[in-house]
Amino acid sequence: MQNEKCVVCGKAGEKHHIIFKCEGGLDFPLNYIYLCAEHHRGKKSPHRNRRINLMYKLEFQTKLKNILAKDYYSMDEIIKTLSLNPSQGRSICKKFKIYKEGYKREDIIKRLMGGKFYYDFMLDEFYDDSWNISNDFIDDLDLNLYGNCEF
Ligand SMILES: [Zn+2]
Ligand SMILES: [Zn+2]
């Protein structure tokens with residue numbers, strides 16, 4: 001694992017959960033990226049910067065939409081397509097509504113995103129400076145927000 005490289009700069013990386021575990025993120029390979037200490041926990045990292053965090057999440061959501069190209073899936077297909085371990089697969093499927101065609105794509109993606117969808121416009125929202133607060137203040141806010149979260 002220590003050989004994994006930071007996706008930003010190529011230095012030795014640590015495992016980052018794109019959807020944090022405290023947000024309901026699952027422990028499965030698609031939800032990981034590797035980031036060096038600076039790009040993982042520094043000022044311009046998903047744990048300190050809301051916009052960067054959102055960009056990784058949007059990227060992940062797009063990837064899931066591409067991978068899950070069909071409208072409905074069986075449990076076995078979900079497990080296989082997403083490389084989940086079978087008990088994870090069973091546990092998430094338990095919460096889904098079952099249609100005669102199978103489990104619905106949107107339900108699966110939403111679950112993997114931690115129970116919510118993310119949108120591009122959320123990136124713009126970040127730049128709404130009508131509150132007139134400094135970026136440093138936002139950084140501090142984020143730090144508090146995610147302070148209890150496992151990196
Ligand atoms: Zn890096
Ligand atoms: Zn992390």
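Every residue, every condition in (1) under 14 Å from the mean Cα position of the chain (by Cα); (2) basic (Lys, Arg); (3) more than 30 Å from Asp124 (Cβ to Cβ), yes or no:
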position: Ile33; (1), (2), (3): yes, no, no
position: Lys44; (1), (2), (3): no, yes, no
position: Glu106; (1), (2), (3): no, no, no
position: Lys110; (1), (2), (3): yes, yes, no
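When Phe28 is tested against (1) modelled with pLDDT under 95; (2) touching a helix residue (DSSP H, G or I) at 6+ places or on another chain (Cβ under 8 Å); (3) more than 13 Å from ligand 1 (Cβ to nearest atom), just one condition goes unmet, and that condition is (1). Residues that are part of a loop (DSSP other than H, G, I, E, B) and modelled with pLDDT of 95 or more within the range 86-113 comprise Phe96, Lys97, Lys100, Glu101, Met113, listed in sequence order. Put simply, of His16, His47 the only residue that is surrounded by 18 or more Cβ atoms within 10 Å (Cβ to Cβ), touching a residue at least 60 places away in the same chain (Cβ under 8 Å), out of contact with any Cys (no Cβ under 8 Å at 6 or more places or on another chain) and not basic (Lys, Arg) is His16.
Here is a yes/no grid of residues against (1) surrounded by fewer than 18 Cβ atoms within 10 Å (Cβ to Cβ); (2) more than 26 Å from Ile92 (Cβ to Cβ); (3) touching a Pro at 6+ places or on another chain (Cβ under 9 Å):
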| residue | (1), (2), (3) |
| --- | --- |
| Glu4 | yes, no, no |
| Lys11 | yes, yes, no |
| Glu23 | yes, no, no |
| Phe28 | yes, no, no |
| Asn31 | no, no, no |
| Tyr34 | no, no, no |
| Glu38 | yes, yes, no |
| Gly42 | yes, yes, no |
| Lys57 | no, no, yes |
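No other residue among Asn53, Asn3, Asn66 is without any contact (Cβ under 8 Å) to a residue 12 or more places away in the chain, closer than 30 Å to Lys104 by Cα and either of a type outside the set (Lys, Arg) or in a helix (DSSP H, G or I) (or both) apart from Asn66. Sub-6 Å Cβ pairs linking a first residue in the range 27-38 that is under 17 Å from Ile109 (Cβ atoms) to a second residue that is away from ligand 1 (no atom under 16 Å from the Cβ) and of a type in the set (Ser, Thr, Tyr), at least 6 apart or interchain, are Pro29/Ser83, ordered by first then second residue.
The values are calculated or read from the model by the stated rules, or taken from the named source; none is laboratory data. Here the structure is a predicted model, which is why all the values come from computation and not from measurement. Cβ coordinates were reconstructed from backbone atoms using ideal geometry, including for glycine residues, and neighbour counts include every protein chain displayed.
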